[in-house]
1. Show that you can apply the helix-only estimate: for the chain, add -39,500 (n - 2.57) for every DSSP H stretch of four or more residues, divide by all residues, and state [θ] at 222 nm to the nearest 500.
2. From the backbone phi of region 202-216, what are the Karplus-calculated ³J(HN,Hα) couplings (6.51 cos²θ - 1.76 cosθ + 1.60, θ = phi - 60°) in whole Hz, Gly and Pro given as x?
3. When the distances between all Cα atoms of region 52-288 are binned every 10 Å from zero, what whole-number percent does each bin get?
4. I want to verify a result. In a Gaussian network model of the chain, Cα cutoff 10 Å, which of these has the top mean-square fluctuation: Val145, Val351, Val16?
5. Asp121's amide H: which non-local residues (gap 5+, or another chain) put their own amide H closer than 5 Å, with H modeled 1.01 Å from N in plane and none for Pro or chain starts?
6. Give me the angle, in degrees from 0 to 90, between the Cα long axis of helix 257-270 and the longest principal axis of the Cα atoms of the chain, rounded to the nearest 10.
7. Give me the angle, in degrees from 0 to 90, between the Cα long axis of helix 276-288 and the longest principal axis of the Cα atoms of the chain, rounded to the nearest 10.
8. Output wanted: per-residue J couplings in Hz (rounded whole) for region 91-102, from phi through Karplus 6.51 cos²θ - 1.76 cosθ + 1.60, θ = phi - 60°, x for Gly and Pro.
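We did not get these values from a lab; they are worked out from the coordinates using the rules stated. A quick note: this is a predicted structure, and the numbers were derived from the prediction, not measured. All Cβ positions, glycine included, derive from the backbone under ideal geometry; neighbour counts span all protein chains shown.
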Amino acid sequence: MDDGQVTHRGAISQHVQGLPASGIRKFFDLLSSMDGVISLGVGEPDFVTPSHISQAAIRSIEEGITHYTSNYGLIELRQAIAHHLHRLYGMEYDPATEIIVTTGVSEAINLAMLAIIDRGDEVLCPDPSYVAYLPAVLLAGGVFVPVPTFADNGFKVRARDLEERITSRTKAILIGYPSNPTGAVMEREDLLAVAQVAERHNLFVISDEIYDRLVYGVEHTCFASLPGMRERALLMGGFSKAYAMTGWRLAYTCARVDVTEAMMRVHQYITMSAPTMSQYAALEALRSGEEDVRGMVAEYDRRRRLMVPALNAMGLTCFEPRGAFYCFPSVSVTGLSDEAFAEGLLMEEKVAVVPGSAFGQFGVGHVRICYTAPYEVLQDALERMRRFVGRHRRAAK
């Protein structure tokens, strides 16, 4: 019987069918149907975009500046990004030819992969890592090679572990520090060791530094600023985290001229240009947002200093994260898997966290907890977690 539907053999691309489902999505689907949940699962600031930043976008709309920008982005914004990177890290990028404004760092990473990866090329990446890294490599036809990191080493990727996994097909190393999901940072000497591996094996390094401003008691080292790395590095940065601008979808990528041109060839057909009003907001953020950043970082640090001792006290062993806004404790004391822990905590105490296995095989046994909620809400969440852990810790005995 013809029901009016047209079917095709193999209608969905095998390429897309092969992408793993997000391990986070299941828990957000559950959360959306529940009331009274404290969500510590979404990796975005709880702060509202500072008013003066929003007003810059509103002014651009009211003045009728609503047309496309250059594919590369507003030249004024690219100049401001170049100045920003020079001020913070001493970097020199040509705003005209070495910077692209993108719709988020996720787009920037996809541009990088499509620009430099041929089918079968291998990309090394610390595990656990941000959920979008693996799909970006696969969509470009590459092979994702996880490199284990562990809590006892602060979830830092080690040069020797990278070296052991390099083959004739290795093309690049993809790193994201400060890290989502662990909150780990890589200090200068750690990154120098990675740089030496890249130089020795003639590899690109794609460095996602979206959390560069969110560090506590340490200094962020821009990977591209290391000796000899400017020509190898594809630097990714943006506005979502430090300026509380996740919904504006604005970021940037910086690289040498030929790599930037290759990324532009992809960007111009996929996106054309980032949203114009978002670019004006970002320009205002760079010009006048420093005080806002400092205020938010101070509050994240206050919350961090609440969370880490409390998690350790209840038996959820947690190393001290020095960046981003995540804790990544082990849940082994409960005898539950990370998925069972996250689901049980949500159903029994209405606190949402994300299982560590969503971020890779070496995240198993941990959960990601975002401290992007007001201090008093975090105190309530911690009390609920104490009850839950107490019950299941006794049951595990």
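1. Rounded to the nearest 500, the figure is -13000 deg cm²/dmol.
2. Computed from phi, the couplings for region 202-216 are 6, 10, 6, 10, 9, 10, 8, 10, 4, 9, 4, 7, 9, 10, 10 Hz.
3. 8, 34, 37, 17, 4, 0
4. Of the options given, Val16 has the highest mean-square fluctuation.
5. Val143
6. Around 70 degrees separate the two axes.
7. 80 degrees
8. For region 91-102, the Karplus-derived couplings read 7, 10, 10, 7, x, 6, 10, 10, 9, 10, 8, 10 Hz, x marking Gly and Pro.
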